[in-house]
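Structure first, then comments.
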Amino acid sequence: MQQQDLFSVPCEIEHENVQLGSVQDTLSRWLDSKTIRPLDYAFAEFCWQLDPAATEAVLFAALLSRMLADGHICLDFSLSSAQLETLFAEQDERLLIRALLAELDFEHLASAGFVTREPNAHAAPLVLQGSRLYLYRYWNYETEVAQFLSQRLRQPCAVGEGFVQQLNNLFPAGTTNSTDWQKVACAMAATGNFTLITGGPGTGKTTTVVRLLALLQEQAMREQQRPLYVRLAAPTGKAAARLTESISQQIAALPVTEAIRDSIPAQVSTLHRLLGSLPHTRDFKHHRQNPLLLDVLVVDEASMIDLDMMHSLLQALPEHARLILLGDKDQLASVEAGSVLGELCLHAEQGLYTEQTRAELAALCGMPVSHPQLQPGDARHTIEQRTVMLRDSRRFAGDSGIGRLAAAVNQMDVRQAQELLQTPSAELAYLQLTSAVAAPLKELIISGYQAYVHILQQERPAKTAELDEYQEWAARMLRTFDEFRLLCAVRAGDFGVQAINRLAETVLRNAFALDEGAWYEGRPVIITRNNYGLGLMNGDIGIAVKVPDGSGDTALRVVFSQAEGESQVRFVLPSRLTEVETVFAMTVHKSQGSEFNHAAVLIPERDNPVLSKELLYTGITRAKHRLSLLEAGRGVFAQAVKTKVSRNSGLRSALAVVSGAGG
Ligand SMILES: Nc1ncnc2c1ncn2[C@@H]1O[C@H](COP(=O)(O)OP(=O)(O)OP(=O)(O)O)[C@@H](O)[C@H]1O
């Protein structure tokens, strides 16, 4: 029988009144209903060509490929069928999925010509490990990440003489007996080659790491007469720029000698630049055979690192180097597959420290390590011994509306969150919208953006002014534009990022007489794809401005913040920017790594699968001083607070296996 015929053979799966039909029919139906993407269909077809008889496995291949698009690393058959069923709108298809899973036989699945249970001995496109089905590539990333981490977890570092004294100098004893978690984090990071420091906004992650670097440099200078080679990195340009600014401030405030201060770098690279991205490939200049040249690497905003990037990072790290990951475990996970920080920090609140860890940290810090949330751990909890959570926000006072709302959302406490929203304060405003063109939203757009338009229109340098005056003006405008942002939960619909951007353009054009046309002066844009030629990265933001063209006239250019290592803003021809979008409004996903004095989060009129407590928490915590929450549909906010994102992965199991510890 020819392959095409086999693809049309009806499958035997039958459940109540549901019949699968041929694999080809089923996949075509799923494609037509947009449940799977053309890519998933093509992958399933490729698998089917390898084993035309493995009908169910072909369908699972399509579903697995589809699930990667939602950030899952694998398809986990131990979970309820609900996860797969939610992919389908039609009840018949849901019943079909239920039937497929009810009849699932792992032996049979593993016998498919494109599935292997022993990937080390026999590579195949799909890997079955216990109840998890992987694409080979992701299985490989996950296994190797677990191995790299496990090796690092086994490398303790001895602290030098005088460590306790130095630690006490940097973290003077407070007035209360409560544990200083920043000090604990510093002690932990000084005693191992791998440390995870998680904490909400303003809990002092940057402060802690700067003090840690001072401590490590003091020790290195004394013991090796040379400073350590330290590098700092973040996943996006925006996050890197923000950290560069806050690190510089923290270094200046350090109570150490100038030599130590000078030995701490303030410049933060993007991870892509650190690893040396090679255009148009997934590969980097630095890898296992060409590791990075550094002794200490600090990576901020680690929640944004996907599994693929974590794999690239860990394999490029020299064996002796110390890695410190900083991030907020409760934020949205990476856009790409994986939720590495969230998974590794699964027990950060409970600590799960062993007696030994607790005693060692207490001895180094000169205080007990205690907190009502802490629970005892044991030898199985390897990653937990290298994880610390900063628990006190230094930015938000205990009664801060933004801080309390973020905490309530994080704890999925709908009642508390709603109570806070109903209590007006200088920090927090809640608006119920009846339509996307409602007056309060228009007013918010005008008040939020009038300061940057003022600079654009009223503070423009004279035509005869030097270039550096224009650069200073443009830089000020970029900074001011970043003080306010509309954050949308979704892209489409009346309250999606596209419609809100169109609305903002109309409102601002009417209010401030901005020019017409696709490229008008004042148009803010966001880069949507890395442009290596121009040195502009996905997420970089620029504003179109008229600047002197050298012949006495003006020309429209788009101004972007200075590139890494440069001191001046850059002007780029609009025609060279092909992958850009207007950015009065941006998605919460895109806003990760950024902060705004005032953020306005828009919740759409209808529930949507992307609405979750992680998305709300991330949006809310982008606001430094003022948050406006605008809800279009009643109950949508409450539903989102009750929805938690979970991503399938076997990283923790893989780590337990390679560490020789149980679950
Ligand atoms: N131990 C401390 N004592 C006093 N102030 C502190 C302490 N730690 C941090 N701060 C202050 O609290 C603020 C937030 O600290 P920091 O920037 O280190 O937090 P973060 O967790 O890195 O913040 P972000 O969420 O922006 O990444 C800063 O103004 C910092 O100077």
Item checked: Three-way shape call for the chain based on the alpha-carbon gyration tensor, with the a/c threshold at 1.5 -> oblate
Next item on the list: Please report how far the C-alpha centroid of segment 243-271 lies from that of segment 51-91, rounded to the nearest whole angstrom.
Entry: 47
Margin query: Which residue, G401, G351, H371, has the largest displacement toward the positive end of the dipole of segment 334-463 when charges sit on each Cβ (Lys, Arg +1; Asp, Glu -1)?
Written below: G401
Next item on the list: Report the extension gain between Q416 and Q375 in nm, rounded to one decimal, defined as 0.36 nm multiplied by the number of residues separating them, less their alpha carbon distance.
Entry: 12.2 nm
Notebook entry, point to check: Leaving out same-chain residues fewer than 8 places away, which lysines sit with a Cα under 24 Å from that of K442?
Noted result: K590, K624
Check: Which of the GluC sites (Glu not before Pro) across segment 144-232 are loop residues per DSSP, with 10 or fewer other Cβ within 10 Å?
Finding: E161
Check: Long-range amide H contacts for T116: which residues qualify at under 5 Å (H placed 1.01 Å from N, peptide plane, sequence gap of 5 or more or a different chain)?
Finding: L126, V127, L128
Margin query: Restricting to DSSP H runs of at least four residues, report the calculated mean residue ellipticity at 222 nm for the chain, -39500 (n - 2.57) per run over all residues, nearest 500 deg cm²/dmol.
Written below: -12000 deg cm²/dmol
Next item on the list: Tabulate in residue order the Karplus-calculated ³J(HN,Hα) for segment 546-556, using 6.51 cos²θ - 1.76 cosθ + 1.60 with θ = phi - 60°, rounded to whole Hz; enter x for Gly and Pro.
Entry: 8, 10, x, 9, x, 10, x, 10, 10, 9, 7
Margin query: Suppose every Lys and Arg Cβ carries +1 and every Asp and Glu Cβ carries -1, with no other charges. What dipole size does segment 493-535 come out with about its Cα centre, to the nearest 20 debye?
Written below: 160
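List the GluC sites (Glu not before Pro) within segment 520-623 that DSSP assigns to loop and that have no more than 10 neighbouring Cβ atoms inside 10 Å. Each step should come with its number before you reach the end.
Values: sites: E521, E564, E566, E579, E581, E595, E605, E614; in loops: E521, E564, E566, E579, E595, E605.
In loop regions of segment 520-623 (DSSP not H, G, I, E or B), the sparsely surrounded GluC sites (Glu not before Pro) are E566.
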Note to self: Please list, in order along segment 337-344, the HN-Hα scalar couplings obtained from phi with the Karplus expression 6.51 cos²θ - 1.76 cosθ + 1.60 (θ = phi - 60°), rounded to whole Hz, x for Gly and Pro.
What the structure shows: 4, x, 8, 4, 5, x, 6, 5
Margin query: At 0.36 nm per residue, and after removing the present C-alpha to C-alpha distance, how many nm does the segment from K463 to T86 gain when stretched out fully?
Written below: 129.8 nm
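I need the trypsin sites (Lys or Arg not before Pro) found in segment 436-538, filtered to DSSP loop residues with at most 11 other beta carbons within 10 Å of theirs. Can you show the working numbers first?
Details: sites: K442, K463, R476, R479, R485, R491, R502, R509, R529; in loops: K463, R491, R529.
For trypsin sites (Lys or Arg not before Pro) across segment 436-538 that sit outside H, G, I, E and B with at most 11 neighbouring Cβ atoms in 10 Å, the list reads K463, R529.
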Item checked: Options S649, G619, Q562, ranked by Cα towards positive dipole end of segment 530-654, top entry (Cβ charges) -> S649
Next item on the list: Taking H placed 1.01 Å from N in the peptide plane, check which residues at least 5 places from Q267 or on another chain put their amide H under 5 Å from its amide H.
Entry: none
Note to self: I want to check the label-to-label distance for A42 and Q356. Put each point 7 Å from Cα in the C-beta direction and report it in nm to one decimal.
What the structure shows: 5.1
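Among DSSP beta bridges lying fully in the chain, give the percent that are antiparallel, nearest 5. Don't jump to the answer; show the numbers that get you there.
Working: 30 of 74 bridges.
If I count the DSSP bridges inside the chain, around 40 percent turn out antiparallel.
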Next item on the list: Please name which of T480, V453, G493 has its Cα lying farthest along the dipole of segment 407-535 towards the positive end, using unit charges on Cβ (Lys, Arg +1; Asp, Glu -1) and the Cα centre as origin.
Entry: G493
Check: What are the residues whose amide H is under 5 Å from the amide H of S628, where those residues sit 5 or more places off or on another chain and H is modelled from the backbone?
Finding: A429, A599, A600, V601
Checklist line | For segment 194-305, share of DSSP beta bridges that run antiparallel, in % to the nearest 5 | finding: 20
Checklist line | Part-to-part distance (alpha-carbon centres) for segment 272-294 and segment 368-424, which is given in Å | finding: 36
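For the chain, calculate the relative contact order in percent as a whole number, restricting contacts to Cα pairs under 8 Å that are 6 or more residues apart.
Numbers: 1181 pairs, mean separation 86.4, N = 663.
13 percent.
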Item checked: Note, ³J(HN,Hα) from phi for segment 446-463, Karplus 6.51, -1.76, 1.60, rounded to Hz, x at Gly and Pro -> 5, 5, x, 9, 5, 5, 6, 5, 4, 4, 4, 8, 9, 10, 5, x, 5, 4
Next item on the list: Starting from the Cα of K644, draw a straight line to each of the aspartates and glutamates and keep only those under 15 Å, dropping any in the same chain fewer than 8 residues away.
Entry: D70, D330, E343, D413, D607, E614
Notebook entry, point to check: Each label point is 7 Å from the Cα along the Cα-to-Cβ direction; what then is the distance between the points at K644 and M221, in nm?
Noted result: 4.6
Item checked: Relative contact order of segment 30-181, defined on C-alpha pairs under 8 angstrom at six or more residues apart (%) -> 18
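Laboratory data are not the source of any read-out in this text; all were calculated from the coordinates shown. Since the model is a prediction, treat every value here as computed from it, not as a measurement. Virtual Cβ from ideal backbone geometry, glycine too; neighbours counted across all protein chains shown.
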